[in-house]
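A.B. asks: I have a structure I would like to understand better, so I am pasting it below and will then ask my questions one at a time.
The values are calculated or read from the model by the stated rules, or taken from the named source; none is laboratory data. Everything numeric in this text was worked out from a predicted model, so none of it was measured. Positions of Cβ are generated from backbone atoms using ideal geometry, with glycine treated the same way; all protein chains shown enter the neighbour counts.
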Amino acid sequence: MRVWIDADACPKLAKEQVVKFALKRKFEVVLVAGQPQIKPAFTLVKLIVVLSGPDAADDYLVEHAVPGELVICSDVPLADRLVKQGVTVLDPRGKEFDEHNMGERLAVRNLFTDLREQGQVGGGQGAYGDKEKQAFANSLDRILTRLARLS
């Protein structure tokens, strides 16, 4: 099994959580980033830095992740591309993207993008704390168990 992480935008606590699960369950973690990152010093963690453009890391994930693998990302359009390929996708706050909720998540994302551009709302997501970390760990455990059964 392999877990991919869209590393540029993923909170450090979520990355650390995935590595802890990987050490326990013995699977590979691949961090994909558009800029250099600090890679945890474990052989089961790989870092791929794709320097060719703003969506290069997204394109790399879409080209390399396959059904039966998990991608951690908060980028809704990227998640949509991956879900359409049959890849399991989880955001760092513990919400799984799937074919049933993808349309709604894209619509909400587009609405908030429009509202931000019009100056009607500001900022992005709130702080990443213990509540988000726990929700992510619970979902990660559930999804990894499900994927292990399918393989």
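A.B. asks: Report yes if Val71 is of a type in the set (Val, Ile, Thr), within 15 Å of the chain's Cα centre (by Cα) and not in a helix (DSSP H, G or I), otherwise no.
C.D. replies: Against the criterion (of a type in the set (Val, Ile, Thr), within 15 Å of the chain's Cα centre (by Cα) and not in a helix (DSSP H, G or I)), Val71 qualifies.
A.B. asks: Across region 75-111, what is the number of residues that are assigned to a helix (DSSP H, G or I) and at pLDDT 90 or above?
C.D. replies: 9
A.B. asks: Go through (1) acidic (Asp, Glu); (2) crowded, with 18+ Cβ neighbours inside 10 Å; (3) at pLDDT 95 or above one by one and return the number of the condition Asp141 breaks.
C.D. replies: Status for Asp141: all satisfied but (2).
A.B. asks: Within region 1-26, take every residue that is in contact with a strand residue (DSSP E or B) (Cβ under 7 Å, 6 or more places away or on another chain) and in contact (Cβ under 8 Å) with a residue 60 or more places away in the chain and give me the one that is farthest from Leu150 (Cα to Cα).
C.D. replies: Here the answer is Cys10.
A.B. asks: Further question: I want to confirm something. Restricting to region 1-56 and keeping residues that are more than 24 Å from Pro67 (Cβ to Cβ) and among the β-branched types (Val, Ile, Thr), which single residue is surrounded by the most Cβ atoms within 10 Å (Cβ to Cβ)?
C.D. replies: By that ranking, first place goes to Val49.
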